[in-house]
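Structure record follows, encoded as structure tokens.
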Amino acid sequence: MMGPAHSLSGAAAWLGVGAAAAAFDHPMPWPVLVVGALICAGAALAPDLDHKSATISRAFGPVSRGLCEIVDKLSYAVYKATRSSADPRRSGGHRTLTHTWLWAVLIGAGASVAAVTGGRWAVLAILFVHLVLAVEGLLWRAARMSSDVLVWLLGATSAWILAGVLDKPGNGSDWFFTGPGQEYLWLGLPIVLGALVHDIGDALTVSGCPILWPIPVGRKRWYPLGPPKGMRFRAGSWVELKVLMPAFMVLGGVGGASALGFF
């Protein structure tokens, strides 16, 4: 799928988690719901770090473009080193390593550890990166027309404000993980969810997605998981633009309203 659809699906997924949490008597404070939805929207773009033309490659200028090239080469190297004889030959690393459940878990766990051990500046860095990505995905038309610096300033300002809101007692810095020193441990959850939602979205397209790697399926280690061929669509097609994106908006609205107790 394209960047905007990925971001919308990520936000909708976290709002759905918020609705489920409320249904099981563990409601999210509203700042956690909002911040988590934005982080998940940004994290839903991150698996495309292996693609030099993806939205994320433009988000941070030369830094993100250089990182995309590195991740593409790393992903390709991992694919070549682990492919079976039944897996096809490739010329690049797109939709390999960063499009797996293992990558999602590792990235989310790393973010949680950084948030707990790195203090306020680590939390701000995590928020900044994902809020910039959320702007690039959710407000992509405005982001394309504005300068990168304005998007970065918006991300930095929003990160600072939202971190201050979360720090206030009862606003969610210790949501879900309530033990001493576990503040912001939950930040990895929307990152894992965003990456997995991205992978599921890509699995619906023509090429499928090797979400299960390194778990083999049949003779393939990089099995492109997806629905039957006739149910798949091309990225950017009318199915994505006219059906899925409006559906994500509606589901996100319903999930958010339920999480906040309006239903």
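Below is a table of values for the structure above.
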quantity: Three principal axis lengths of the chain [C-alpha, angstrom, descending]; calculated: 56, 41, 39
quantity: Sequence ranges 252-262, 14-24, ranked by mean other-Cβ count within 10 angstrom, highest first; calculated: 14-24, 252-262
quantity: Loop-resident sites, the stretch 170-229, for trypsin sites (Lys or Arg not before Pro), counting at most 12 other Cβ within 10 Å (DSSP); calculated: ARG219
quantity: Label point at VAL243 placed 7 Å out along Cα→Cβ; residues across the stretch 175-210 whose backbone nitrogen lies under 13 Å; calculated: 204-206
quantity: In sequence order, calculated HN-Hα J values of the stretch 93-109 (Karplus, 6.51, -1.76, 1.60; Hz; x Gly/Pro); calculated: x, 4, 6, 10, 4, 6, 10, 10, 5, 5, 4, 4, 5, 5, 5, x, 5
quantity: For the stretch 101-239, fraction of C-alpha pairs farther apart than 26 Å, in %; calculated: 41 percent
quantity: Degrees separating the helix 30-43 axis from the principal Cα axis of the chain, which is the longest one; calculated: 20 degrees
quantity: Positive dipole terminus of the chain, leading residue within PRO47, ALA12, ALA77 (C-beta point charges); calculated: ALA77
quantity: Placed amide H near THR205: partners under 5 Å, 5+ positions off or other chain; calculated: PHE233
quantity: Residues whose placed amide H lies under 5 Å from that of LEU225, excluding near-sequence neighbours; calculated: CYS209, ILE211, LEU212
quantity: Expected 222 nm ellipticity per residue - DSSP helices of 4 or more, -39500 (n - 2.57), all of the chain, to 500; calculated: -20000 deg cm²/dmol
quantity: Cα long-axis angle, helix 3-23 against the chain (0 to 90 degrees, to the nearest 10); calculated: 50 degrees
quantity: Length added when fully stretched, VAL165-THR178, from 0.36 nm per residue minus Cα-Cα; calculated: 2.9 nm
quantity: Virtual spin-label span in nm between LEU102 and PHE263, 7 Å along Cα→Cβ; calculated: 3.7 nm
quantity: Karplus-derived HN-Hα couplings along the stretch 242-256 (A = 6.51, B = -1.76, C = 1.60, θ = phi - 60°), whole Hz, x at Gly and Pro; calculated: 9, 10, 5, 4, x, 5, 4, 5, 5, 5, x, x, 5, x, x
quantity: Note, ³J(HN,Hα) from phi for the stretch 170-186, Karplus 6.51, -1.76, 1.60, rounded to Hz, x at Gly and Pro; calculated: x, 8, x, 4, 10, 5, 6, 10, 10, x, x, x, 9, 4, 6, 4, 6
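Laboratory data are not the source of any read-out in this text; all were calculated from the coordinates shown. Please read all numbers here as calculations on a predicted model, not as lab measurements. All Cβ positions, glycine included, derive from the backbone under ideal geometry; neighbour counts span all protein chains shown.
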